[in-house]
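The values are calculated or read from the model by the stated rules, or taken from the named source; none is laboratory data. Because the structure is a prediction, the values reported are computed rather than measured. A quick note on method: Cβ atoms are made from the backbone with ideal geometry, for glycine too, and the neighbour counts reach across all protein chains shown.
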Amino acid sequence: MSQPPRNQRTHRERNGEERRQNGEKRDRDPRSQQDRPSDRRPGNERTRSSGQSSYQTRGSQRPARSTSQREHMESKCTYICSRRGIVLICTILTNALVLICIVAAHMSQLGMSAMGMGGTSFIDAIIPFEGTELQTVRNLDMQYGQMRAPGVYGGVAFSLTFGALSLLFVVSSGKPAHVLPRKLLIGQFAFQIIGAVAYVIAVGLYLHLVISVNSTDVCIMRERLYARNGYTWMNCSVNGGDASVALFGIITAILYAVGAVFTAKTIRDVDRFLKERDHFEAEQREEPRGPQTRPLNSDIYI
């Protein structure tokens with residue numbers, strides 16, 4: 001009766017030793033350590049933290065891009081709004097004013113032709129001419145408009161051309177002066193010189209055409225017919241629209257001359273800056289191990 005319990009005890013002791021040995025092997029084996037559930041949790045947490053950090057970096061890149069684009073636009077506007085750019089912007093505005101004044105002066109001198117000449121009963125009521133006198137006024141207005149047409153069409157094309165070219169130079173000047181191509185600066189200088197001279201000549205030709213047209217027999221007969229019916233403002237003198245064209249034309253010529261002076265100064269400063277930069281680079285090549293180097297002056301260009 002005492003043998004079975006002894007066998008069971010020895011069997012239990014053997015099983016216990018085997019379990020201990022297996023546990024020690026698992027602790028020693030690195031593969032078993034990787035398969036533990038307790039070790040899996042930090043890995044998941046690591047992936048989550050890495051995902052969160054990557055999302056945060058992506059989110060942080062968006063405002064960085066927007067700020068860089070904003071700084072680029074601000075720097076471009078700063079270079080456009082330099083002294084040269086401001087003068088060119090003013091010339092664009094004065095070219096537009098010249099265009100408006102040319103059209104307004106022409107429309108104000110058309111007389112009864114600008115009213116439609118009998119289109120409605122209201123227009124018929126305000127026209128004081130009748131019969132042969134009305135036909136004569138129509139013919140005189142037509143002849144007068146044809147004589148002024150070269151000045152009108154030429155002035156519109158002239159102001160549009162110079163305004164568009166000025167806008168083109170303004171848009172192309174969105175970089176520092178030493179980065180712009182030298183041909184662009186020279187072209188801008190030549191354009192402004194030509195614009196100043198051309199506007200003075202154009203104003204002289206426009207006024208000469210207006211005065212010569214107003215001194216013709218057509219204008220004198222037209223003035224008498226209108227003055228007989230109370231329209232004294234329809235005369236053969238230079239009106240306010242033509243004077244405005246000449247005034248804004250002279251202002252535009254002055255602006256082009258001032259812009260040419262600024263552009264010439266810019267070209268000179270850029271040349272001096274490039275020479276100093278080349279000299280500075282040559283000194284660095286000759287003495288690369290020098291303890292001190294002379295800094296390059298970057299404030300010598302516009």
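Brief remarks on what is shown
- All conditions in (1) surrounded by fewer than 20 Cβ atoms within 10 Å (Cβ to Cβ); (2) under 19 Å from residue 109 (Cα atoms); (3) touching an Asp or Glu at 6+ places or on another chain (Cβ under 9 Å) hold for residue 206, with the sole exception of (1).
- Test: residue 198 is touching a helix residue (DSSP H, G or I) at 6+ places or on another chain (Cβ under 8 Å) and without any contact (Cβ under 8 Å) to a residue 60 or more places away in the chain: yes
- Boolean, residue 229 is in contact with a Pro (Cβ under 6 Å, 6 or more places away or on another chain) and either surrounded by fewer than 20 Cβ atoms within 10 Å (Cβ to Cβ) or under 30 Å from residue 139 (Cα atoms) (or both): yes
A quick yes/no check of all residues on (1) at pLDDT below 90; (2) in a loop (DSSP other than H, G, I, E, B); (3) closer than 26 Å to residue 216 by Cβ; (4) of a type in the set (S, T, N, Q):
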position: 76; (1), (2), (3), (4): yes, no, no, no
position: 95; (1), (2), (3), (4): no, no, no, yes
position: 117; (1), (2), (3), (4): yes, yes, yes, no
position: 134; (1), (2), (3), (4): yes, no, yes, no
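Residue by residue, here is whether (1) under 19 Å from residue 239 (Cβ atoms); (2) surrounded by fewer than 18 Cβ atoms within 10 Å (Cβ to Cβ); (3) touching a Gly at 6+ places or on another chain (Cβ under 6 Å); (4) at pLDDT 95 or above holds:
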| position | (1), (2), (3), (4) |
| --- | --- |
| 147 | yes, yes, no, no |
| 158 | no, no, no, yes |
| 162 | no, no, yes, yes |
| 171 | no, yes, no, no |
| 179 | no, yes, no, no |
| 182 | no, yes, no, no |
| 186 | no, yes, no, no |
| 200 | no, yes, no, yes |
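- Any hit, the range 285-301, residues being part of a loop (DSSP other than H, G, I, E, B), touching a His at 6+ places or on another chain (Cβ under 6 Å) and at pLDDT below 90: yes
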